[in-house]
Amino acid sequence: MPTLPVNEPEPAPSPERSPGLAILVLVAALTLPLPAAAGVRPAYGGEVRVALPAAPRITDPALATDPGDLLLVRAIHATPLELDADGRLSPGLLEEVPAPEAGGRAFRLRLRAGLRFSDGTPIAASDVAAAFVRLLAREGPAPNAWIALPVLGAEAFQAGRAATLAGVQVLSDRELLVTLASAMPEWPWALAAPAAAVVSRGGAGAGPFVLQGLDGAGARLAANGLHWRGRPFADRLTVKGADPRAAARALSGGDLELVLRPEAVPGATATAPSPPLLATYAVVNWRRLGSGAERVRRVLGALDRAELGKLYARGPSAPTSTLVPQPVLAGPAAAPASPSAPGAPGIPGQARLVLLAAADVPDQRALAERLQVKLFDAGVRAAAELEGGGRFAARLAAEDFDVALVPVQVTALAPALAGGQVALATRGPGAARRAMTELAGLPAAAAAPRAERLTRTLDLVPLFSTGVRASAGPALQGLRIRADGAIDLGDLWLLRREGP
Amino acid sequence: MRLRTQLAALLALFAVVPLAAALVPVGRALTNALASEHAARLDSAARALSGELARLSQEAAEGVAGVARSPDAEAFGRDLAAGALSPADAAGRGGEWMRARGLDALSVLTREGVVVTSGHLPGRAGDVDPQLAPVAARGAVEARVITRSGPSGPEPVLALVARAAIPGEGALTVAGGLALDQERARRLAELTNGEVVIRGAGGALLAQASAPADEGAPLLTRVGARLGVGLAGARRILPIGPADAPVGRVEVSVASEGLARAAGTVLAAFLGAVLIGALAALAAGRLVASRVTRPLEALREAAARVAAGDLHARVAARTGGEVGELVRAFNGMTQELALGRSRLAQAERVAAWREVARRLAHEIKNPLTPIAMSVETLREAQAAGRPDFPEIFDEGTRAIGEEVRRLKKIVDEFSRFARLPAPERTPVAPEELVSAVLALFPPPPGLTIERSVPEALPQVWADRDQALQVLLNLVRNALDAMPEGGTLRVAGRPAGDGVALEVADTGPGIAPEDLPHLFEPYFTRKEGGTGLGLAIAQRIAEEHGGRLEVKTSPGQGATFTFWLPVAKLETRLAKVP
């Protein structure tokens, strides 16, 4: 483990255990550090250059859903809670992990003292409250609104029936009380998701880096000396997009320090893969397919998901069986076998449908092509239509598809929250509330069958979830993949070359 | 139809009929020539197509073999066998190789036929490919209908495929080739300059393309296509695959628009020649016919003038032959006719004056007898010294005076007839004329006057006094014809360029034998009449450019019609001071 810089976080007094015990075990295996130079103290300075499959574009925590965008958000912004090395909740901007009150319906959030945004303005409890309000903005609800949906009064506020969010009370400059509509003891896990990051009124963040520039080529960031954990090791951070060959060439040539892609870069030092939390669901549009929807669902449900992930996902993958990705669920009950469907004997030979997929998410094209073939074998011709970010979301919201492949980067490690996040991305706020309500407070063993039932109810066909591999150059140190797949960019540091 | 037109049409017909008759054999010969040319082009296109398909087969085989023998493929097999290449990473290689080699289909298969990577159908990886697995790994090219990814989803396409083994221990093979798809059909269509249709084994249409059509006159093309019926349907069919069980076929047909346009051009030129010939023949015919028929036309016109009374009409056309003699005979005839009429008129005038003299002498002679007798009686009474001589003298001289007055009346009337003044015409309203006349004749008992003269009748061009004289005469005669009473009807109506004024009675009518003499001077059946009234009336009518006519039947009365011309606008305006 790398030595933490100044402002080492205080240990959480009683962190909530994640319901995903399996993920903790997995994380224990994944967070093996890179071979650090033994006995060498971490050094400040230098520039860390990171390559992703595509250059990040979004810095707003409320809107970022793509893995690359989420990485940039984590670099710029800070969240109320963090995950520690063991995959447990630990304090972030908050002094401590909040304990549930009122039977799991209320949480008192108290900020650390002396917090400041990167522009120097103090961080107040009202800024945390504003973060919840932003997620429920009435004009175009944010895709990450799942964090605030359980809060009391969220539905009325979202529908415009209430001017304020009833469940959020600012008690002082450093303290606020969050009351939920119903009991959800695991809700604090949402505060560790990047979407819960606190943003100043001027748009500044409190993360380890400050954005210097963002364009089509990538993002350029500088160290934030006001970060609550202290200044990060690297002076500068660059995040850009690169195809596999270019990334490999740059990494071997010393022009990159880190490549985050599904596949490992040949010849580079790679970590173990991240937890497969980028889950893809096939959403069947009943309104357009009518009676044919059940037949299409049977074809998709009959797919061998393990083989699907193995053959068509370039990174680490795991079959997904329910609304909640497998790594979030614990215990053998959470991994039911793929439902065996007898095929689709009734599908008419001339049937055609539109298969919508996200163009800028890895493996989605290959997955769509596989589904095309399987549907074709069952007598259904599917035209794959791949759309980029905004257009994909717009068509998804307008239900302009017959079957859509929806990738969701799950950032909350509690089944209720993960289920709500997936339901919101695929079926909207109503489905998200329902999923969170049904899964809230359930032990892992009980959550799995409930999640499976919810999946059927929401007409979702889980396919598989994937992770990424981090391939690092020889100089990069401090690399650690968290239980939620994130990387603490502030921990990265570079080995200095010895002088002649 | 006039003779000139008939002659011209006949000449044009003589020019057109032979040309039109030649059109049939010319058209047939042209059609045969076109069909031969088209068949030759079709054969040439089929040969080119066959050659291109053979070349494509060779290209497909070489492409597949090239991939299989490449170091990349060998390394691929080695890495895969060693587990150094994940299946997902391996799945993307097929597309790279396929595009690099210009192939349309390429898959890497295991010994069992399971797809490791596929360029044309990436989603097939992991499955046995039922279409490519049976292809023998001998490098020989086979034709097969394969499934490949398209914009609307997987779609069948006819392809020339080969399969070759990748060296090494991986037991992998490369199967792929070239698709006979829409793009290939377009290229083949360009190569053959025709239309190429690619069909599956069952005849299902897989691709179709045509070479760009030549720019040209569409009308000529349509005309030529109509002439060359049957060219468009001709095609050659090349089976694809084993001869006993072809998996598809390629059909080629050659565009016949060029030939059709050529045929259309020839036909149009021919029809143009026919048209020009017909027009030229028509013009020449009109010229010749005009020369022939001009004297005849002049004769016709002169004859019409003669028929209308113009005996001075002459034909001036100079021509010879029979027509010339006819013209001269016509001119001589009209000259003789004019001379004869002049003589006849002279004779008629002499006869008329003789008749007038005879009747005048008769009229004069009638009073002379009583005068002579009275004179003789007076002389005898004086000589006898008759005591009643004064009474006899008085009676005799009174009789002589009466007869002298009668003579004077006869002379005055004759003088009036002979010296009738020329009419001084002005526009006169017919209704006003009739009103003026009827005002002079209050209806006697037992007689009814019916008057029907619309005020809207146009004004007539007449000497008012003379016109009144005519109407007075007619009305007086009508009243005299009905001493026992009856109906006098006076009516006016438009008639041609004039106005007809009718005076009708219900008297006994006019005897048929009197009708020819009715308007002759001194003809009368009326006691005390001079016989000059109707003669003067008719003369007045004629001198006005009008006419006086009578219709009568015995016992049915008589109707006299006095027709006067209408005063024309310019004439009336000229008369306005």
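Numbers at a glance
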item	result
Signed unit charges on C-beta, dipole axis of the protein assembly as shown, positive-most listed residue A:Trp189, A:Val328, B:Ala125	B:Ala125
Average other protein chain Cβ within 10 Å of Cβ, residues A:374-380	3
Positive-end residue, the stretch B:13-160 charge dipole about Cα centroid, Cβ charges, pick of B:Val17, B:Leu30, B:Ala68	B:Val17
With at most 15 other Cβ atoms within 10 Å, longest stretch of chain B clear of loop GluC sites (Glu not before Pro) (DSSP)	B:216-423
Rg/Rh (Cα only; Kirkwood hydrodynamic radius) as it applies to the stretch A:214-302	1.20
Taking A:Asp363, B:Asp181, A:Asp243, A:Asp484 and counting other C-beta atoms within 10 Å, the order from fewest to most	A:Asp243, B:Asp181, A:Asp363, A:Asp484
For chain A, with +1 on Lys and Arg beta carbons and -1 on Asp and Glu, the positive-most of A:Ala99, A:Ala445, A:Gly213 along the dipole	A:Ala445
Rounded FRET efficiency, nearest 0.05, which uses the C-beta distance separating B:Phe14 from B:Gln346 and R0 of 60 Å	0.60
Distance between modelled label sites at A:Tyr44 and B:Arg314, nm, 7 Å Cα→Cβ extension	14.2
Charge dipole (debye, nearest 20) of the protein assembly as shown; +1 at Cβ of Lys and Arg, -1 at Cβ of Asp and Glu	1480
Area projected by the alpha carbon convex hull of chain B, averaged over all directions, nm²	58.9
Scattering profile of chain A at q = 0.11 Å⁻¹ [log10 I(q)/I(0), Debye over alpha-carbon scatterers]	-0.89
Using alpha-carbon coordinates, inclination of helix B:321-384 to the longest axis of chain B, degrees	20
Kirkwood hydrodynamic radius of the stretch A:186-244, Cα pairs, Å	13.2
Between helix B:464-480 and chain B: long-axis angle, C-alpha atoms, 0 to 90°, nearest 10	70
Kirkwood-type radius of the stretch A:79-206, with distances r between different C-alpha atoms, in Å	14.6
Equivalent-ellipsoid semi-axes of the stretch B:1-84, from the Cα gyration tensor, Å, largest first	76, 14, 6
Convex hull volume of the protein assembly as shown per residue (C-alpha atoms, cubic angstrom)	423
Alpha carbon convex hull of the stretch A:107-158, projected area averaged over orientations, nm²	4.5
Size of electric dipole in the stretch B:455-512: Cβ of Lys, Arg +1 and of Asp, Glu -1, about Cα centre, debye, nearest 20	60
Calculated [θ] (222 nm, deg cm²/dmol) that DSSP helices of n ≥ 4 give over chain B, each run adding -39,500 (n - 2.57)	-18500 deg cm²/dmol
Sorted by Cβ density within 10 Å, fewest first, the residues B:Met333, A:Met436	B:Met333, A:Met436
Helical mean residue ellipticity (222 nm; -39500 (n - 2.57) per DSSP H run of 4+; nearest 500) of chain A	-7500 deg cm²/dmol
FRET efficiency, 1/(1 + (r/R0)^6) with R0 56 Å, evaluated for B:Met333 and B:Leu472 via beta carbons	0.75
Dipole magnitude of the stretch A:79-206, debye to nearest 20 (Cβ charges: Lys/Arg +1, Asp/Glu -1, about Cα centre)	320
Nearest-0.05 FRET efficiency for B:Glu513 and B:Thr487, computed from C-beta distance (R0 22 Å)	0.30
Computed log₁₀ I(q)/I(0) - Debye formula, equal Cα scatterers, no solvent, the stretch A:278-466, q 0.20 Å⁻¹	-1.48
Fewest-first sequence of B:Val16, A:Val151 by Cβ atoms within 10 Å of each Cβ	B:Val16, A:Val151
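No value in this document is a laboratory result; all are computed from the given coordinates. What you are looking at is a predicted structure, and each value in this text was computed from that prediction instead of being measured. Quick reminder, even Gly has a Cβ in these numbers, built from the backbone with ideal geometry, and neighbours come from all protein chains shown.
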